[in-house]
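Q: What follows is a single structure, and I will ask about it in a moment.
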Amino acid sequence: MGEKLDSLKVDLVIEGNVYLRGSLVRASIGVDQGKIVSISKPSLAPIAERRISYGDKYLILPGMVDIHVHMREPGLEYKEDWASGSRAAIKGGVTTVFDMPNNKPRINSCERLKEKIRLASSKSLVDFGLYMGLPDDPSSINDCKDLYVGFKIYPEDYAKEELREVFQIARNLDKIVVIHPEDPALLLSVVSMDYSNVRPPEAEISAVKRMLKYAAEMKVWIHFTHVSTAMSVREILKAKLRTLKITFDVTPHHMLLNSKLYKGKWAKIAKVNPPLRSEADRAVIYRTVESMFADAIASDHAPHALKEKLNPNFEDVPPGFPGLETTLHLLLKEIIEGRMELDTIDLYSSRPARLFGLRKGEIRIGWSADFAIVKIGEEWVIKSEDFESKAKYSPFEGWKLRTKTWDVYLRGELVYSGGEFLREAGGGRLVSQSFNKTLQS
């Protein structure tokens with residue numbers, strides 16, 4: 001950051017307290033044509049058409065990258081759509097999302113995937129990647145291999161004959177296979193308010209062990225999502241030591257909440273798959289983040305209509321809740337209050353981006369100029385009625401947070417400022433699939 005850039009003229013210079021590889025540095029970032037082209041001391045910044053300076057109460061962070069969300073469109077727009085979901089993302093400092101395929105109909109063919117891309121491109125305010133569901137005809141999806149980031153496998157897919165063929169395709173294409181780890185044979189058919197026992201820890205552990213055998217046999221990249229138990233973490237870390245290509249993410253709710261919520265008034269709101277676990281399991285999940293053992297944090301943003309979550313019959317209450325607007329700020333609360341280190345932010349930005357070889361999630365020359373400007377000391381209480389998401393509920397209702405998203409830039413364009421959206425819809429792009437293998441290593 002020591003050479004004056006007199007000869008360089010850029011579209012935009014942003015100056016302030018910049019998060020650079022684990023530290024906060026007073027710096028200027030030069031942006032041109034949507035990319036970061038310089039990082040320097042403010043006195044050495046290039047000439048710019050626009051220059052914006054943020055004071056000491058603001059942090060300039062990379063835009064967050066959330067690799068597990070459910071935008072619900074197409075087919076379930078009454079729960080969420082790409083417009084409302086991407087507004088929620090931006091309000092939470094997230095500029096790239098990876099959307100799951102459990103739409104109606106399920107996204108498991110090239111035709112359906114292309115229609116989803118058309119919808120997302122016309123509505124989403126953030127960049128997006130899309131997963132492919134288990135296809136009925138695996139041989140048919142080679143034609144659109146550059147349009148999906150990987151596969152998502154649900155518990156109901158475990159016994160299907162197409163599974164092995166999809167693993168082979170994923171291995172050949174070097175695609176990720178995201179596993180929802182719960183063994184369907186161990187899930188109880190009778191649903192009670194004691195939800196963690198209905199979907200017991202043993203179901204997750206059994207699924208992890210089963211999929212690790214596939215990883216060893218077929219040399220396929222398997223990613224376990226929303227891992228919730230200590231034993232699962234242990235098995236995954238042991239597999240990593242055997243140099244299997246295994247990654248995993250955890251969620252803020254499994255990190256910060258436990259199964260006691262199922263014994264009170266929040267039982268329906270907190271219903272989620274996999275369930276919230278014991279305090280002992282929660283503490284281990286927390287430590288996987290604290291120690292940076294996890295490969296990523298993901299929100300598992302899973303919105304439903306409030307009336308669905310308040311169904312008097314607990315069995316009919318759908319699992320999941322929104323998380324895009326709160327995940328970053330829950331992490332920053334842990335950091336500000338001294339329980340986690342500043343570089344925990346990497347688990348929600350550079351680390352997930354690197355998994356997919358994306359030049360995002362990091363303030364670095366050549367990377368996408370995606371920024372989340374966060375104001376410190378702007379305390380607010382989580383009130384789900386104020387969410388941009390259509391899902392107006394949260395198990396974190398009433399929690400006091402200590403930071404707020406102030407401005408958001410996507411590829412150098414200011415899209416959100418001081419609580420106002422500067423674009424109504426669209427502008428988000430499908431993430432590039434020309435993966436940089438050196439980034440993934």
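Q: Put +1 on the Cβ of every Lys and Arg and -1 on every Asp and Glu Cβ in segment 17-119; which of LEU119, ILE36, PRO105 then has its Cα farthest towards the positive end of the dipole?
A: ILE36
Q: Determine ³J(HN,Hα), in whole Hz, for all residues of segment 371-384 in sequence, where each value follows from phi through the Karplus function 6.51 cos²θ - 1.76 cosθ + 1.60 and θ = phi - 60°; x replaces Gly and Pro.
A: 3J(HN,Hα) across segment 371-384, in whole Hz: 10, 10, 8, 10, 9, 8, x, 8, 5, 8, 9, 5, 10, 5.
Q: Using the Karplus curve 6.51 cos²θ - 1.76 cosθ + 1.60 with θ = phi - 60°, what ³J(HN,Hα) values do you get for each residue of segment 112-117, in whole Hz, with x for Gly and Pro?
A: For segment 112-117, the Karplus-derived couplings read 5, 4, 5, 5, 5, 4 Hz, x marking Gly and Pro.
Q: Another question, then. Show me 217-227, 61-71 ranked by packing, highest mean number of other Cβ atoms within 10 Å first.
A: Per-residue Cβ counts within 10 Å, averaged per peptide and sorted highest first, yield 61-71, 217-227.
Q: Also, quick follow-up: Provide GLU308, GLU235 in ascending order of the number of other Cβ atoms located within 10 Å of each residue's Cβ, fewest first.
A: Exposure proxy ranking, most exposed first: GLU308, GLU235.
Q: A follow-up question, please. 5 Å is the cut-off here: which amide hydrogens, built 1.01 Å from N in the peptide plane, fall below it relative to HIS301, excluding neighbours closer than 5 in sequence?
A: HIS70, GLY323
Q: Would you please give the residues with an amide H less than 5 Å from that of VAL18, counting only those at least 5 places away or on a separate chain, with H modeled from the backbone geometry?
A: Counting only residues 5 or more places away or on other chains, the set is VAL25, ARG26, ALA27, ILE60.
Q: Rounding to the nearest 20 debye, state how big the charge dipole of the chain is about its Cα centre with +1 on each Lys and Arg Cβ and -1 on each Asp and Glu Cβ.
A: Numbers: 64 positive and 60 negative charges, 120 e Å.
Taking the Cα centre of the chain as origin, the dipole is about 580 debye.
Q: Under a Cβ-only charge scheme (Lys and Arg +1, Asp and Glu -1), can you give me the dipole magnitude of segment 30-138 about the Cα centre, in debye to the nearest 20?
A: The calculation lands at about 340 debye.
Q: Applying a 10 Å radius around every beta-carbon, put 159-167, 256-264, 98-106 in order of their mean neighbour count, most first.
A: The packing order, highest mean first, is 98-106, 256-264, 159-167.
Q: Distance from the Cα centre of segment 169-183 to that of segment 312-375, in angstrom?
A: Taking the Cα centre of segment 312-375 as reference, the centre of segment 169-183 is 22 Å away.
Q: To make sure I understand, if each residue's beta carbon is the centre and we count other beta carbons within 10 Å, what order do GLU182, GLU202, GLU388 fall in, fewest to most?
A: Going from least to most buried by this count: GLU202, GLU388, GLU182.
Q: Let me ask something additional. By count of other Cβ within 10 Å, fewest leading, how are LYS41, LYS152, LYS91, LYS307 ordered? Walk me through the numbers on the way to the answer.
A: Values: LYS41 15, LYS152 28, LYS91 23, LYS307 7.
By the 10 Å Cβ count, ascending, the order reads LYS307, LYS41, LYS91, LYS152.
Q: While we're on this one: List the residues whose amide H sits under 5 Å from the amide H of LYS404, counting only those 5 or more places along or on another chain, with H placed 1.01 Å from N in the peptide plane.
A: The answer is LYS375, GLU378.
Q: Given the options THR225, VAL284, TYR154, identify the residue whose Cα lies farthest towards the positive end of the charge dipole of the chain (+1 on Cβ of Lys, Arg; -1 on Cβ of Asp, Glu).
A: After comparing all options, I get VAL284.
Q: Turning to a different aspect of this structure: If you count, for each residue, the other Cβ atoms within 10 Å and average over each peptide, how do 336-344, 246-254, 392-400 line up from highest to lowest?
A: Per-residue Cβ counts within 10 Å, averaged per peptide and sorted highest first, yield 246-254, 392-400, 336-344.
Q: Here is a follow-up. In the Gaussian network model of the chain, springs joining C-alpha atoms below 10 Å, which of TYR416, TYR54, TYR348 carries the largest mean-square fluctuation?
A: Of TYR416, TYR54, TYR348, the most mobile in the Gaussian network model is TYR54.
Q: Nearest 5 is fine: what % of DSSP beta bridges in the chain come out antiparallel, could you say?
A: Taking every DSSP beta bridge with both residues in the chain, the antiparallel ones total about 50 percent.
Each reported figure results from applying straightforward, stated rules to the coordinates on display, with no laboratory input. Because the structure is a prediction, the values reported are computed rather than measured. When we count neighbours, we look across all protein chains shown, and the Cβ atoms used for this are built from the backbone with ideal geometry, even at glycine.
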